[in-house]
Amino acid sequence: YGRPIMVGVSRKAFFGSLIPAGIDRGTEGNPVGTIAASLAAAAAGASLFRVHDVADHVAALAVFDAIRNRGGRMAD
């Protein structure tokens, strides 16, 4: 439709079940699963994100964008 895609995956409890055994799965408030889902959505074209942990997402998306715009090449 030519419109921006928005995702709202913030703090979904089921993300904890996706973290491998032996790793601290944290609680529903743990941003790891939410950030991972947001990065996957960004890779698929999403551009608007409804999140609770704004600063963490801004940082993660900035790194993601830098990697994507450099063709996967990281600067030293």
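The values are calculated or read from the model by the stated rules, or taken from the named source; none is laboratory data. These figures come from a predicted structure and were not determined experimentally. Note that we place each Cβ from the backbone using ideal geometry, even for glycine, and neighbour counts take in every protein chain shown. The protein model used for the area step is the full one, side chains on, heavy atoms only, and it has no ligands, DNA or RNA in it. Shrake-Rupley method; radii C 1.70, N 1.55, O 1.52, S 1.80 Å.
What the table shows:
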quantity: Accessible area per residue in Å² at 1.4 Å probe, computed on the chain; calculated: 70 Å²
quantity: Accessible surface of the chain, 1.4 Å probe, proportion on carbon and sulfur as whole %; calculated: 60 percent
quantity: Spin-label zone in segment 36-58 - amide nitrogen under 16 Å from a point set 7 Å from the Cα of ARG3 along the C-beta vector; calculated: 46-50
quantity: Net dipole in debye of the chain [+1 Lys, Arg Cβ; -1 Asp, Glu Cβ; about Cα centre; nearest 20]; calculated: 280 debye
quantity: Cα→Cβ-extended label distance, 7 Å offset, between HIS52 and PHE14, nm; calculated: 1.8 nm
quantity: The chain - mean residue ellipticity at 222 nm from DSSP helices (-39,500 (n - 2.57) per run, n ≥ 4, rounded to 500); calculated: -12500 deg cm²/dmol
